[in-house]
Structure formats: C-alpha cells, structure tokens
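Visitor: Pasting a structure here, questions to come.
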Amino acid sequence: MTPIKTVGVAGSGTMGAGIAIVAARAGFRTIVYDTREDALARARKQTEGFFAKSVERRKLTVGQVDTILGNMSATTDIGGLKACDIVIEAVFEDLKVKHAVCAALDDVCPPHTLFASNTSTLSITEIAAGSGREDRFVGMHFCLPAQLMKLVEMSPGLRTSESSFDAAWDFCKAMGQVPVRTKDNPGFILNYFLVPFNNDAIRLVEAGVAAPADIDRAIKTALGYPMGPLELLDLVGLDTHLLVAEALYASTHEPRAAVPALVKRMIAAGQLGRKTGQGFYTYGGAAMFGG
Amino acid sequence: MFYQLIDTGNSRSFSARHALLESAQTDGDVVIIIGEKVGHALQTLDGSERKTAVLIELGAESLGMHTGESRGAEGSNLLGFSRFRLGTDEPTRLVEVVRQPGSPATALAAAKEIFEGAGLEMAVCGDFDGRIVDRLVRPYYNAALKRLDEGLATADDLDMTLKLGLGYPEGPIALLERTGLEHHYDMTHALFEATGDPAYAPARRARVAKLRAETKA
Ligand SMILES: NC(=O)c1ccc[n+]([C@@H]2O[C@H](COP(=O)([O-])OP(=O)(O)OC[C@H]3O[C@@H](n4cnc5c(N)ncnc54)[C@H](O)[C@@H]3O)[C@@H](O)[C@H]2O)c1
C-alpha cells in the first residue's frame, strides 16, 4: 500500500469543511473540492476562524496554524484531486450524485487511491458499486461537528478488500480520530440506535406520557446523558430528523424507525427546533425557557 | 413541609439511609408510604383525604391499582412514585412521580418540595407502564443486545460509539452486564406482557442470563 500523504475531500459543506480540518491538522496535505466557489470560500473563512480560536485557546501556535493552512488548498476542478492517496466524499446525500462524483474521481485518480464515503444513510456497497473501485472503497462516517468529534464509524462494503480497509483504518488513527468497525448496515451504529430512540421519545410526548422537560430531566438524571432526547432533537432540527429517519425506515422497515405523525405536524407548523425558536421547547435568543 | 413516613419494609426506592427518611415527622400535611406493602398500609390509613398529598411507592403496578379507575376522570391527592434504579445499581437521584388526569397541582407541588428538598430530581408522568425511563430505554437496550448477537460490531465498539458519539457515560452492553442482564429480562418481560409491543420482548441474551440465574438459585 502507498503511504497516505495527500488527502482529498469532495464536498466543502458542513461535514467536508470539518473533515478537511481534521486531516490538515494531523499534518496531511489536504485538497478540498466543491463545484461551488462560494462553498469553498465559506469553508476557508470558517477554517481560519476555527484555527484562530485554537491559537487563542493555546491548543496550537501561530506557526503551527500557518503550516496547517499552508497545507490546505481548494479547487472547483475535480482534476485537482489527482495527486490524492485517499479521497473522502462528503457531497449531497444522494446516491446518483455520489455515483457521479466517484465515477469522475475514478477517471482522475491513480489506481492506488482509496475512496471513502461519509454517508449517513446510504449503503457503502451501493455507493462503491458506482465508483469503479469497489475493492478500494470504505465507509468513514464522521460525527458532527467533525473537527471536534473523535468518533469515526468505519465499514467495509461487501467487496472492500481487507488491505484497503486496514489502510483506511490506520489513516483514520493517524488523523487522531477513534475508529470503530461496523457492518455496512443502515444507520451504522450511531444512527441505527439514536433515530429509533428519538422517535420513541417523540411517541412519549405524542401519547401524553410526560412533558418534554420531564422526559429530558428523567433521562439525564437517571442515565447521566448530557442531553435529553427532545433537547437533542430541537438542536438537530426536526426537518433533519425526518430525513434521516425516513431513510432509515425505508431500508429497515423497523417499526421504531417509523417517524411519528407529530413530527410532520410540527414541521408544518414551523416548529423545527432551535433554528425557528420553537420545537419541543420555546427559545428566546440562545437561551432555553419553559417546555 | 412536614411529612409522615410509613415504611412497610423492603423499599426498592429507599433501601439505605437517606435525607428523605431522616427528615420525616410523626405527623404532617403529607404522608409517604414506602415498601412492599403500600396497598395494605393505604387501606388502613385514617384521614388520608384531608392530607395535601399521599405519596405511595409503586413497583411495576399502575397507580390505578390503588385508586380504582373510571372514565379517565380519576385523580386525587394520592400520587405514585418510584426512584429509578437499574438492576443491582444503587437508586439514582431520579424520582418518577405518577399522576392521574385530575391530580391536583397542590399535591404535585408538595411532592416536588419534599423530593427536591431531599436532594432528588422529580419528573412527572402519567399512569403508563414503564413510566418514562424504562418505557424509553428498554427497547434501545434490547436492540443493542440483538445487534451484538448479529455481529453489527463488537461489544467494545458498540459501547465506544455511543459513549463518544453521544456522550453517554457508559455503553449499553457494559451497563447491562454490570447491573445484571437478568434484571433487564424481568423489566422487559413485564413490559412486554403489559403492552404486547414486540420492542419490549426480552432479548435472547437477557433470557439466557435469567435462566442461568434461576438454575443457579
Ligand atoms: N450534517 C451531518 O450531521 C452529517 C453527519 C455525518 C455525515 N453526513 C453526511 O455527509 C455528507 C455531506 O453532508 P453535509 O451536511 O456536509 O452537506 P452540505 O449540504 O452541507 O454539503 C454538501 C457539499 O457538497 C457539495 N456538492 C454537491 N454536489 C457536489 C458534486 N457533484 N461535486 C462536488 N461537490 C458537490 C455542495 O456544494 C456542498 O458544499 C452527506 O453524505 C451526509 O449524509 C452528514
């Protein structure tokens, strides 16, 4: 296996920008590709802001940040990724879009380049099937916000070679992340457990078992979770929850993955959570009151 | 607020010394009944209707077992409660207080004052099987045990994912094995019987633990 030195990130949105920070911070040369100039510019600004804070908090020196930023580049030309030893895609969550990006990457990248997908709900095997290199394709699911969360769920597709998986695993560790191995299963581990759990919490509200604030307080006090499920849903946004839950339900048909009717009613009423000022709780500014 | 305590023995909520037990008086506006025989103590209690609240410790049973039920209009100064506890673990700081549709706010306020005064946290819920925590977490624990059997990931990776990804202090497999899988069986068995919901059907690993515990006994 060629040692990984240069990392490509396809898609410079919320996740791609965070993943690029992780790779560059660990000393890899990092090239970010997006079709949109504005997405690249926004990510660059956020990245500079993030590293300025790292300096303020004395996690990094100015000199270190200069080196890291000097190692990062951006391009709207997919050909710019041709020198990469691994490319992590974080483009839209759409199988057709991912197939198109991976097929184009297959044309520009040398044979040794590994492909990784950050998909949350699609199958690694299905994305790999359209990549032209199913044996060198792995799932690498980072958590939001990627620049702060250490966990990466890694899954091989049905045709991923063990040596490709091992190389990606070692690379993940070299980035300072904590990989866990999971099957190419809908929702991997985290979303497979979290989405139905959150649906169940919504069902408690729906059935009048308890008020949101009582449910959250009970879970936090009894189990020591840092956030209750309904606070977390308000933070994630009910629209995002709906998308992930519908994708999970479509592939598992497990009853607990089915989205409770209350979610669609709340979305119709504009109660998406924190971002609209109202969800399971009412928000004034950033502070939470009532419930 | 002054309250009287009646201890009928073997309380699961208060099995050791606790501020709530120590601050009890011989009489008061509120009566708290704990232990295994709360039903009997309640029947022989005089003047309970004049109290601001009568708080009785519940096991797996509904509050309606003690009050009787009709037309969804039940509700009195009698409230149920239980301190949440997982298997062999010590009771937590959480007290789930069970209300009925017509339970008066004064009774709930008295319960809150007493429990919070004793350093506990109170969460109010309706008279539902499993109340809040067991009703919500048992299907998730079942799913974790089932997925471990199916080889989704190793126990360590399952636990690590939930700890790092969601900040849970302990992963589900470590937690259940530490507090006794046989207790998870008892709780899910009762909830499955009560609700008929397959999400509560005890996971294979819990059933094995239960059968092994019975064989040993
Ligand atoms: N947001 C999350 O919480 C989260 C968490 C884990 C994984 N994911 C996954 O990460 C991926 C990206 O999610 P996101 O939230 O960052 O999305 P996003 O919408 O913020 O970013 C997607 C970016 O991809 C770019 N893009 C789209 N099509 C492209 C193409 N053909 N070529 C190059 N760039 C293209 C877009 O311009 C955009 O900048 C998805 O697969 C998602 O499921 C998201």
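The values are calculated or read from the model by the stated rules, or taken from the named source; none is laboratory data. The shown structure was predicted, so the numbers you read here are calculated from the model rather than taken from an experiment. With ideal geometry, Cβ positions are generated from the backbone for all residues, glycine too; neighbour counts draw on all protein chains shown. Protein only, heavy atoms only, side chains kept; ligands, DNA and RNA dropped before computing areas. Shrake-Rupley method; radii C 1.70, N 1.55, O 1.52, S 1.80 Å.
Visitor: Based on the mean of other beta carbon atoms within 10 Å per residue, what is the order of A:152-158, B:61-67, most packed first?
Guide: A:152-158, B:61-67
Visitor: In Å³ and rounded to a whole number, note down the convex hull volume per residue for the Cα atoms of region A:190-276.
Guide: 93 Å³
Visitor: Based on the Cβ-Cβ distance from A:Lys150 to B:Arg204, what FRET efficiency comes out when R0 is 30 Å, to the nearest 0.05?
Guide: Rounded to the nearest 0.05, the efficiency is 0.40.
Visitor: Here's another thing I want to ask about it. Evaluate peptide B:153-160: per residue, the Cβ atoms of other protein chains within 10 Å of its Cβ; return the mean as an integer.
Guide: For peptide B:153-160, the averaged partner shielding equals 4.
Visitor: Would you mind pulling out the separation of the Cα centroids of region B:29-47 and region A:53-114, in Å?
Guide: Region B:29-47 and region A:53-114 have Cα centres spaced 68 Å from each other.
Visitor: At what distance in nm do the modelled label points of B:Asp89 and A:Lys275 sit from each other, each positioned 7 Å from its Cα along Cα→Cβ?
Guide: Each label point lies 7 Å from its Cα, and together they span 3.4 nm.
Visitor: Could you list log10 I(q)/I(0) for region B:98-192 at q = 0.14, 0.25 Å⁻¹, which the Debye formula gives when each Cα is one point scatterer?
Guide: For region B:98-192, the Cα-only Debye profile gives -0.69, -1.23.
Visitor: Looking at region B:117-215, which trypsin sites (Lys or Arg not before Pro) are DSSP coil and have at most 11 other C-beta atoms within 10 Å of their C-beta?
Guide: Passing sites in region B:117-215 do not exist.
Visitor: Students often get this wrong, so check it: of A:Lys5/A:Lys98; A:Lys150/B:Lys163; A:Lys5/A:Lys59; A:Lys59/B:Lys163; B:Lys37/B:Lys112; B:Lys146/B:Lys210, which have C-alpha atoms separated by over 18 Å?
Guide: Correct reply: A:Lys5/A:Lys98; A:Lys5/A:Lys59; A:Lys59/B:Lys163; B:Lys37/B:Lys112.
Visitor: Take each of the peptides A:265-271, A:191-197, average the number of other beta-carbon atoms within 10 Å over its residues, and list them starting from the highest.
Guide: A:191-197, A:265-271
Visitor: Ok, one more. Let me confirm one metric for peptide B:119-126, namely the mean number of other chain beta-carbon atoms within 10 Å of its residues' beta-carbons.
Guide: Per-residue shielding by partner chains comes out at 5.
Visitor: Evaluate E = 1/(1 + (r/R0)^6) for A:Arg57 and B:Asp186, where r is the Cβ-Cβ distance and R0 equals 60 Å; express this FRET efficiency to the nearest 0.05.
Guide: Working from the Cβ atoms, E equals 0.80.
Visitor: A further question follows. Between A:Lys264 and A:Ala26, what length comes free when the chain is fully extended (0.36 nm per residue of separation minus the Cα-Cα distance, one decimal in nm)?
Guide: 81.5 nm
Visitor: Can you give the Rg to Rh ratio for chain A, taking only C-alpha atoms and Rh from Kirkwood?
Guide: Result: Rg/Rh = 0.99.
Visitor: Suppose R0 equals 45 Å; then what is the FRET efficiency for B:Ser70 and A:Glu93 from their Cβ-Cβ distance, rounded to the nearest 0.05?
Guide: 0.30
Visitor: Now for a different question. Using a probe radius of 1.4 Å on heavy atoms only, what accessible surface per residue do you get for chain A? Whole Å² is fine.
Guide: 42 Å²
Visitor: Other chains' Cβ within 10 Å of A:102-109 residues: what's the mean?
Guide: 0
Visitor: Further question on the same structure: Please give, to one decimal in nm, the separation of the simple spin-label points placed at B:Glu177 and A:Glu126, each 7 Å out from Cα toward the Cβ.
Guide: In this crude spin-label approximation the distance works out to 3.4 nm.
Visitor: Moving on. Using only DSSP helix segments of four residues or longer, with each worth -39500 (n - 2.57), what per-residue ellipticity at 222 nm results for chain A after dividing by its residue count and rounding to 500?
Guide: -14500 deg cm²/dmol
Visitor: Hey, another quick one. Among the DSSP beta bridges whose two residues both lie in chain A, what percent are antiparallel, rounded to the nearest 5?
Guide: Bridges in chain A are about 30 percent antiparallel.
Visitor: How large is log10 of I(q)/I(0) for region A:176-237 at q = 0.19 Å⁻¹ when the intensity is taken from the Debye formula with one equal scatterer per alpha-carbon?
Guide: Here the Debye-derived log intensity ratios amount to -0.78.
Visitor: Counting only protein heavy atoms, probe 1.4 Å: which residues of region A:215-258 lose 40 Å² or more of accessible surface in the full assembly compared with their chain by itself?
Guide: Those are A:Arg217, A:Ala218, A:Thr221, A:Ala222, A:Leu223, A:Tyr225, A:Pro226, A:Arg256, which lose 40 Å² or more relative to the chain on its own.
Visitor: If you wrap region A:141-291's Cα atoms in a convex hull and average its projection over all directions, what's the area in nm²?
Guide: Answer in nm², one decimal: 10.4.
Visitor: Say each of B:Ala109 and B:Asp149 gets a label point 7 Å from the Cα, pointing the same way as Cα to Cβ; how far apart are those two points in nm?
Guide: Once both label points are built, they end up 5.1 nm from each other.
Visitor: Leaving out ligands and nucleic acids, note down the accessible area per residue over region B:3-125 with a 1.4 angstrom probe, in whole Å².
Guide: Accessible area per residue: 47 Å².
Visitor: Based on the alpha-carbon set only, what is the convex hull volume of region A:114-227 divided per residue, in Å³?
Guide: Measuring per residue, one finds 114 Å³ for the Cα hull of region A:114-227.
Visitor: Now for a different question. For region B:135-216, what does the accessible surface come to per residue with a 1.4 Å probe? Please give it in Å².
Guide: Ligands and nucleic acids excluded, the result is 45 Å² per residue.
Visitor: How big is the B/A interface in buried accessible area, both sides summed, 1.4 Å probe, to the nearest 100 Å²?
Guide: Interface area, both chains combined: 3300 Å², rounded to the nearest 100.
Visitor: Something else about it: Could you tell me the ratio Rg/Rh of chain B? Both radii from Cα atoms, Rh via Kirkwood.
Guide: Over the Cα atoms of chain B, Rg/Rh equals 1.01.
Visitor: Cα-Cα pairs above 22 Å in region B:3-125: how many percent?
Guide: 27 percent
Visitor: Determine Rg/Rh for the protein assembly as shown; Rg is computed over alpha-carbon atoms and Rh is the Kirkwood hydrodynamic estimate from the same atoms.
Guide: Rounded to two decimals, Rg/Rh equals 1.05.
Visitor: Carbon-plus-sulfur fraction of the accessible area of the protein assembly as shown, 1.4 Å probe, in percent?
Guide: C and S fraction of accessible area: 53 percent.
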